[in-house]
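First the structure, in the form of structure tokens, and then the observations on it.
Where a number appears in this text, it was derived from the coordinates with a stated rule and is not lab data. Owing to the predicted nature of the structure, the values given are computational and were not obtained by experimental measurement. When we count neighbours, we look across all protein chains shown, and the Cβ atoms used for this are built from the backbone with ideal geometry, even at glycine.
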Amino acid sequence: MPDTIRLIYLFDPLCGWCYGASPTIEQLKQQDGIVATALPSGLFAGAGAFPMDAGFAAHAWEADQRIAELTGQVFSEDYRRNILESGAGNVDSGPATLALSAVHLTAPDRELDALKAIQRARYLEGRDNGDAPVIAALLAELGLDIPAKRFAAPDEELLAFNQSRIEAAQSEMRRFGAHDRTDL
């Protein structure tokens, strides 16, 4: 019997490359002998969050077109117009990351489903997945009522768990020299 392969998927809900890789992660997760663990990196959360501006929007759209070319993932005009070019909002994955931690605590087998819905909302539907009400609605649409309630009123356990996941992801990134945001 072959050894089990442990796959650690380091991601951020607002990362275009993570969205580009999501079909491959989904396929790997379905393979026998592969155990996938998802860890949010906090790339655009907390101190990594910032207001959307024209410079970052242009950079993101250019990168997104390259990601689409390489992966086949779609980045819609609704996303471009409503998220990148709206002149409003922040690049803040904190709410989505917290929601995914709530899902992980209460329905861990649904976490990647929730991440997929969060990514779809942003990149296909042009919905701001940095906005807590949007995230709460997405969880409700998925029938994830218990995680939605925990997300809406986070307790100390959820907050500590969320932080520990981010720290674990960042620790893994440091192990491989992938912790520097300067090469976005």
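In nanometres, what is the gap between the two model label sites at residue 32 and residue 159, each 7 Å from Cα along Cα-to-Cβ?
Each label point lies 7 Å from its Cα, and together they span 4.6 nm.
Run the simple label-point estimate for residue 168 and residue 50 please: 7 Å along Cα→C-beta, distance reported in nm.
2.9
Can I get the semi-axes of segment 1-45's equivalent ellipsoid? Compute them from the C-alpha gyration tensor as square roots of 5 times the eigenvalues, in angstrom, largest first.
Calculated on Cα positions only, the semi-axes equal 23, 12, 5 Å.
Given only helices, namely DSSP H runs of n ≥ 4 each adding -39500 (n - 2.57), what is the per-residue ellipticity at 222 nm of the chain, to the nearest 500 deg cm²/dmol?
Rounded to the nearest 500, the figure is -17000 deg cm²/dmol.
I need the shape label for segment 37-88. Rule: rounded when a/c is under 1.5, else prolate if a/b > b/c, else oblate, with a, b, c from the alpha carbon gyration tensor.
Oblate, since a/c reaches 1.5 and b/c is not below a/b.
Could you work out how far the C-alpha centroid of segment 89-158 sits from that of segment 160-178, in angstrom?
Taking the Cα centre of segment 160-178 as reference, the centre of segment 89-158 is 19 Å away.
Rounded, prolate or oblate: which fits segment 112-184 when a ≥ b ≥ c are the square roots of the eigenvalues of the alpha-carbon gyration tensor, with rounded for a/c under 1.5 and prolate only if a/b beats b/c?
oblate
Hey, rough spin-label estimate for residue 178 and residue 74, points 7 angstrom out along Cα→Cβ, what's it come to in nanometres?
The modelled label-to-label distance comes out at 2.8 nm.
Given H placed on each backbone N at 1.01 Å, which residues far from residue 38 in sequence or on other chains put an amide H within less than 5 Å of it?
For residue 38, the qualifying residues are 9.
Evaluate the relative contact order of segment 1-55 (contact order divided by residue number), counting alpha-carbon pairs under 8 angstrom at least 6 apart; express in whole percent. Don't jump to the answer; show the numbers that get you there.
Working: 50 pairs, mean separation 24.4, N = 55.
Computed value for segment 1-55: 44 percent relative contact order.
In square nanometres, what is one fourth of the surface area of the convex hull spanned by the alpha carbons of the chain? Can you show the working numbers first?
On the way: hull surface 43.3 nm².
That works out to 10.8 nm².
Which value, in debye to the nearest 20, describes the size of the charge dipole of segment 5-183 about its Cα centre when Lys and Arg Cβ atoms bear +1, Asp and Glu Cβ atoms bear -1, and nothing else is charged?
Dipole of segment 5-183, to the nearest 20 debye: 260 debye.
Please list, ordered by chain and number, the residues whose modelled amide H lies under 5 Å from the amide H of residue 90; skip anything fewer than 5 residues away on the same chain.
Residues meeting the criterion, in which the H sits 1.01 Å from N, are 52.
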